[in-house]
Amino acid sequence: MSIRIGFVGCGGIANMHMGNLAGLAGVELTAFTDIVSEKAEAAAQEYEGKVYEDHRSMYESADLDAVCICIPPYAHEDHEILAAQAGVAMFVEKPVALSMDKAREIEAAIADSGMINCVGYHWRYSVPVQRVKEQFAPDDVAMVMGYWLGGFPTVAWWRVMDQSGGQLVEQTTHIVDLARYFAGEVDTVYSSFALRCMGDVENIDVPDVGAVALKFASGAVGSICNSCCVAPAEQVGIHLALKGTWVEIDSQSLVIRDSAGGRTETFTSPDHAKISEVFVRAVQTNNQSLIRSDYADAVKTLAITLAANKSASTGQPVRVGEM
């Protein structure tokens, strides 16, 4: 079955998804819209599609099976809701919103529609992550240590808290999501953020370093640290402590150390491409169960990151359930 896919947002991450999707059999990229019209026009020219003024006209006029919504965090308004009402499957880039109210509104619309939906937590589709997921249950995990240490994104909205939500919400959300995936739901967070290095950046009000302590419902504990001032030596990953076993994961490698000794596996499978492939297969077969990162699940990850932001601003622990 051939499927027709449109794009709402045609910037950096969207272009990567376009390249991955265009390489799959039975996929046509046919409709494009972006607030910067030149980006939509360039994509339409490359993939022989049509440019639309906005997402509303796209949903009304384009014959779509699916849409990829690749817009900044602050821009989520009715993009997903109207897609759901139009009966269009959707792939949504993370984070899904900047408030729980908006996320819950969108979640309800998607649930009512019954349409296939997927959020871009691509690490869940990587070989290292799946190896660990198959081998260990959440109750096996005693401690989680995650980190995202990298450079400062140059897009203007990223440095504004009201537009990006900060590094934890916009970027390190991948590591928060993996912590949930491996160790189960988080009960309480306690965080501390600071602007230590990047204060000379114009119009900045996001912290450039942060640390979050996690207490899981299972009783496990964890910590996630991030910084956006250490380029170019980017380090991103998550470690797990289990009884008699230590696990280290990044996007391309897996290290497991236990009483039998350590072993390292290295992989080259691109997980961004894998999530695109799975999404297409889910749409083609109308099988939501293929998706490991649906919208409702992504809302739970959002709640943890927003709770961490609240904790940093109040100086107090925050129960995720209160979000």
Here are the criteria: (1) touching a strand residue (DSSP E or B) at 6+ places or on another chain (Cβ under 7 Å); (2) in a helix (DSSP H, G or I). Tell me which single one His174 does not satisfy. (1)
Filtering region 1-38 down to residues that are part of a strand (DSSP E or B) and not β-branched (Val, Ile, Thr), which residue is nearest to the chain's Cα centre (by Cα)? Phe7
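Identify all residues within region 284-323 that are among the β-branched types (Val, Ile, Thr) and touching an Asp or Glu at 6+ places or on another chain (Cβ under 6 Å); write none if there are none. Break it down stepwise before answering.
The initial filter retains those residues of region 284-323 that are among the β-branched types (Val, Ile, Thr), namely 285, 291, 299, 301, 304-305, 314, 318, 320.
Across region 284-323, the qualifying residues are Val299, Thr301.
Looking at region 278-323 only, could you name the residues that are in a loop (DSSP other than H, G, I, E, B) and closer than 22 Å to Val221 by Cβ?
Initially, region 278-323 is screened for residues in a loop (DSSP other than H, G, I, E, B), giving 286-287, 291-294, 315-317, 323.
Gly315, Gln316, Pro317, Met323, listed by residue number.
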When (1) surrounded by fewer than 16 Cβ atoms within 10 Å (Cβ to Cβ); (2) modelled with pLDDT under 95; (3) touching a strand residue (DSSP E or B) at 6+ places or on another chain (Cβ under 8 Å) are applied to Val247, the one that fails is (1)
What number goes with the only condition from (1) assigned to a helix (DSSP H, G or I); (2) surrounded by fewer than 20 Cβ atoms within 10 Å (Cβ to Cβ); (3) in contact with an Asp or Glu (Cβ under 8 Å, 6 or more places away or on another chain) that Gln45 does not pass? (3)
Do we have any residue at all in region 111-118 that's surrounded by 23 or more Cβ atoms within 10 Å (Cβ to Cβ), modelled with pLDDT of 95 or more, of a type outside the set (Asp, Glu) and in contact with an Asp or Glu (Cβ under 6 Å, 6 or more places away or on another chain)? yes
Of Val132, Val141, which residue is surrounded by 19 or more Cβ atoms within 10 Å (Cβ to Cβ) and out of contact with any helix residue (DSSP H, G or I) (no Cβ under 6 Å at 6 or more places or on another chain)? Val132
Would you call Arg131 part of a loop (DSSP other than H, G, I, E, B) and of a type in the set (Lys, Arg)? no
Counting only residues that are within 17 Å of Ala231 (Cα to Cα) and of a type outside the set (A, V, I, L, M, F, W, C), which one in region 146-165 is surrounded by the fewest Cβ atoms within 10 Å (Cβ to Cβ)? Thr154
Just to be sure before I move on: is Thr314 within 22 Å of Lys133 (Cβ to Cβ), of a type outside the set (A, V, I, L, M, F, W, C) and modelled with pLDDT of 95 or more in the structure I sent? no
Kindly list the number of the only condition in (1) in a helix (DSSP H, G or I); (2) at pLDDT 95 or above that fails for Val206. (1)
When restricted to Ile69, Ile81, Ile5, the only residue hydrophobic (A, V, I, L, M, F, W, C), closer than 17 Å to Ile110 by Cβ and buried (at least 22 other Cβ atoms within 10 Å of the Cβ) is Ile69
Which residues, counting only those in region 177-191, are more than 11 Å from the chain's Cα centre (by Cα), on the phi < 0 side of the Ramachandran plot and not in a strand (DSSP E or B)? Ala179, Arg180, Tyr181, Phe182, Ala183, Glu185
Check region 4-15 and report whether any residue there is in contact with a Gly (Cβ under 7 Å, 6 or more places away or on another chain) and in the same structural domain as Gly114 (by TED's automatic domain parsing). no
Contact list please: Cβ distance under 8 Å, first residue in region 142-153 and under 21 Å from Met198 (Cβ atoms), second residue acidic (Asp, Glu), pairs at least six apart or on different chains. Leu149/Glu234; Gly150/Glu234; Gly151/Glu234; Phe152/Asp208
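The values are calculated or read from the model by the stated rules, or taken from the named source; none is laboratory data. Keep in mind that what you see is a predicted model, and the values were worked out from it rather than measured. When we count neighbours, we look across all protein chains shown, and the Cβ atoms used for this are built from the backbone with ideal geometry, even at glycine.
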